[in-house]
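Note sheet for the following structure.
What follows draws every value from the coordinates through simple rules; no lab data is involved. If you're wondering where the values come from, they're calculated on a predicted model, not measured in any experiment. FYI the Cβ positions are ideal-geometry reconstructions off the backbone, even for glycines, and counts take in every protein chain you see.
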Amino acid sequence: MSYKITLENIGRRFNRDWIFRGIDCTFISGKIYAVLGPNGSGKSTLLQVLNGSLSPSAGKINYFFEEKPVEIDDVYQHLSLAAPYLELIEEFTLNEMIDFHFKFKPYIAGVNKNEIIELLAMESSKNKLIKYFSSGMKQRLKLAIAFCSDTPMLMLDEPTSNLDTQGVDWYLNLVQKFASNRLTIICSNQIHEYNFCDEELIITDFKNKVIAEG
């Protein structure tokens, strides 16, 4: 499944302040992209523009699936997302959360609920309410259901937040197993999260452009 996102002179501002401006970029399937910058630099804002949850303040964004244009309202169907600001339904058990998620997205080939629970190493917690999970367990769950959804696009924001060293190794294994042949975008300022990426977009380059253009 081939996917492409094209950005033409994209900018986003809040009130009168430009967060970034003048981004021209193309993202294609089969590559992993890193969006880099310090905290508060606009990485998450750009990711929300890319996934269609925020409109750009300037410029144009286009999506293509199998070379055919995709309407912005349909982009979510082709996308899996894991981010610190995305909440899990804490009144659900692990079993219920997985069942709920995969009512909306198909499983990636060769994966089912039991295999996700095994991948998480949470067999003993499958009937436990999410609200009793540690922050690390919640982050693993967000990542697992994103990686194991059969979507051509995968977007990750600070993927190893709340993970220990073992959790980081687990995340890197997910990338190896499930990120190939997709269009993957990772927002990060931690080198272990993105040092395998094919291309990098440094968000501060487009903050400097705002300053230069006044």
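Taking the fewest neighbouring Cβ atoms within 10 Å as the starting point, the ordered list for 192, 78, 101 is 192, 78, 101.
Here the residues 117, 186, ranked from fewest to most Cβ neighbours within 10 Å of their Cβ, fall in the order 117, 186.
Paramagnetic label reach from residue 190 (point 7 Å along Cα→Cβ; backbone nitrogen cut-off under 12 Å): within the stretch 75-118, residues 84. Its Cα centre serving as origin, the chain has a Cβ charge dipole (Lys and Arg +1, Asp and Glu -1) of approximately 280 debye.
Say a site is exposed when it is one of the chymotrypsin sites (Phe, Trp or Tyr not before Pro), sits in a DSSP loop, and has at most 11 other Cβ atoms within 10 Å; what is then the longest site-free stretch of the chain? Between the exposed loop sites, the longest stretch runs 105-214. Residues in the stretch 93-110 carry Karplus couplings, in order, of 7, 4, 3, 5, 5, 5, 4, 5, 4, 7, 6, 9, 10, x, 5, 5, 4, x Hz; the curve used is 6.51 cos²θ - 1.76 cosθ + 1.60 with θ = phi - 60°, and Gly or Pro positions show x. Which residue, 38, 55, 28, has the largest displacement toward the positive end of the dipole of the stretch 11-88 when charges sit on each Cβ (Lys, Arg +1; Asp, Glu -1)? Positive-most Cα among the choices belongs to 38. Rounding to the nearest 10 and keeping the result within 0 to 90°, find how far the Cα-based axis of helix 204-213 lies from the longest principal axis of the chain. Computed tilt is about 20 degrees.
Counting neighbouring beta carbons within 10 Å and listing from fewest to most, the residues 57, 124, 188, 180 come out as 124, 180, 57, 188. Evaluating 6.51 cos²θ - 1.76 cosθ + 1.60 at θ = phi - 60° for every residue in the stretch 75-87, the Karplus couplings come out as 4, 4, 5, 9, 10, 10, 9, 10, 7, x, 8, 7, 9 Hz, glycine and proline recorded as x.
Only DSSP H runs of four or more residues enter the estimate; each adds -39500 (n - 2.57), and after division by the residues of the chain the mean residue ellipticity at 222 nm equals -8500 deg cm²/dmol.
What lysines could a cross-link reach from residue 138, if we take a straight Cα to Cα line under 29 Å and drop same-chain neighbours fewer than 8 places away? Filter leaves 31, 43, 103, 105, 113, 126, 128, 177.
Most simply put, the chain has about 55% antiparallel DSSP beta bridges, counting only bridges with both residues inside it. Shown in residue order for the stretch 131-139 are the 3J(HN,Hα) couplings computed by the Karplus curve 6.51 cos²θ - 1.76 cosθ + 1.60 at θ = phi - 60°: 5, 9, 6, 6, 4, x, 5, 5, 5 Hz (x for Gly and Pro).
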